[in-house]
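Only one structure is covered here, and it is reproduced in the block below.
The values are calculated or read from the model by the stated rules, or taken from the named source; none is laboratory data. Nothing here was measured: the structure is a model prediction, and the numbers come from that model. Note that we place each Cβ from the backbone using ideal geometry, even for glycine, and neighbour counts take in every protein chain shown.
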Amino acid sequence: MHLQGICTNDKDVIYWSWTDALVKTDLQGSVRKKVPAANHHGDICYADGKIYCAVNLGKFNRPAGQEDSWVYVYDAGTLAELARHPVKELVHGAGGIAHHNGRFMVVGGLPPETNENYVYEYDAAFRFRKRHILDSGYTFMGIQTAAYANGSWWFGCYGKPAVLLRADDQLRLTGKWEFNASVGIAGLPDDRFLIATNTRTRDGNSARVSFAAAGADGLELIPETPVPAKAPAHGLQ
């Protein structure tokens with residue numbers, strides 16, 4: 001079960017979403033709280049003291065009718081579950097989520113040979129507002145992660161190579177690059193980004209984050225300023 005997404009509270013905590021667990025750590029990666037979660041928990045975002053997670057209890061990347069898409073809501077302090085919202089518009093499986101100014105954007109799976117991606121907008125009460133079309137071409141299994149930062153929406157996608165998409169506030173595609181943000185991307189108050197990577201070890205999967213900055217060619221990692229946070233191998237205490 002690998003890392004699916006990250007977010008922060010913009011202060012002193014990093015949240016890590018694994019396929020079947022949520023983990024809260026400090027900025028050095030020391031675990032403060034860990035709770036089991038239903039398979040398949042996906043990407044997460046933070047808003048107003050809560051963690052929002054895109055969840056699919058059905059199948060991904062299939063024709064409509066085989067998914068079971070939700071957004072689960074957790075208390076950011078205790079990781080206690082607070083609510084569940086159905087997002088039935090995510091007909092290929094909900095997998096990613098981002099928030100800005102009361103708007104939630106939920107993304108997810110995509111059947112093969114679909115030459116565009118879809119972003120589903122909800123208000124703060126998870127009333128469906130609109131389906132946005134991203135003229136991105138096909139990306140493997142759709143979109144995995146999402147974030148709002150630096151005045152844009154950002155979307156991480158699987159692939160060989162992995163792909164990063166950027167859209168403006170109206171969800172018009174403004175960029176597409178070879179860059180791997182497919183297991184976690186989060187904007188920071190100083191305009192930098194956290195980018196997560198997942199590593200398989202003999203003890204399970206572990207993950208860490210690195211800084212990145214926006215530039216003319218999308219995002220670039222900042223190797224001279226590594227982030228100390230590293231999540232322990234999933235499954236270990």
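Listing for the model above:
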{"quantity": "Conditions (1) among the β-branched types (Val, Ile, Thr); (2) in contact (Cβ under 8 Å) with a residue 60 or more places away in the chain; (3) surrounded by fewer than 24 Cβ atoms within 10 Å (Cβ to Cβ); (4) in contact with a Phe, Trp or Tyr (Cβ under 9 Å, 6 or more places away or on another chain); number of the one not met by Val31", "calculated": "(4)"}
{"quantity": "Those residues of segment 173-208 which are modelled with pLDDT of 95 or more and farther than 21 Å from Cys45 by Cβ, in sequence order", "calculated": "Lys176, Trp177, Glu178"}
{"quantity": "Breaking point among (1) part of a strand (DSSP E or B); (2) over 29 Å from Asp190 (Cβ atoms), for Leu110", "calculated": "(1)"}
{"quantity": "Strands (runs of 3 or more DSSP E) within segment 119-162 that include 1 or more residues over 14 Å from the mean Cα position of the chain (by Cα), small (Gly, Ala, Ser) and within 28 Å of Asp48 (Cα to Cα)", "calculated": "152-157"}
{"quantity": "Residues satisfying the stated conditions in segment 157-200, i.e. out of contact with any Lys or Arg (no Cβ under 6 Å at 6 or more places or on another chain), without any contact (Cβ under 8 Å) to a residue 60 or more places away in the chain, of a type in the set (Gly, Ala, Ser) and over 21 Å from Gly102 (Cα atoms)", "calculated": "Gly159, Ala162, Ala181, Ser182"}
{"quantity": "Considering residues of segment 83-110 that are in contact with a Phe, Trp or Tyr (Cβ under 6 Å, 6 or more places away or on another chain) and farther than 13 Å from Tyr122 by Cβ only, the residue surrounded by the most Cβ atoms within 10 Å (Cβ to Cβ)", "calculated": "Gly109"}
{"quantity": "Flag if Ile14 is in contact with a Phe, Trp or Tyr (Cβ under 6 Å, 6 or more places away or on another chain), within 27 Å of Tyr158 (Cα to Cα) and surrounded by 15 or more Cβ atoms within 10 Å (Cβ to Cβ)", "calculated": "no"}
{"quantity": "Residue within segment 85-107 that is free of Cβ contacts under 8 Å to residues at least 12 places away in the same chain and either farther than 24 Å from Leu164 by Cα or in contact with a helix residue (DSSP H, G or I) (Cβ under 9 Å, 6 or more places away or on another chain) (or both) present", "calculated": "no"}
{"quantity": "Number of positions in segment 59-78 that are touching a residue at least 12 places away in the same chain (Cβ under 8 Å), of a type outside the set (Phe, Trp, Tyr) and over 18 Å from Pro36 (Cα atoms)", "calculated": "9"}
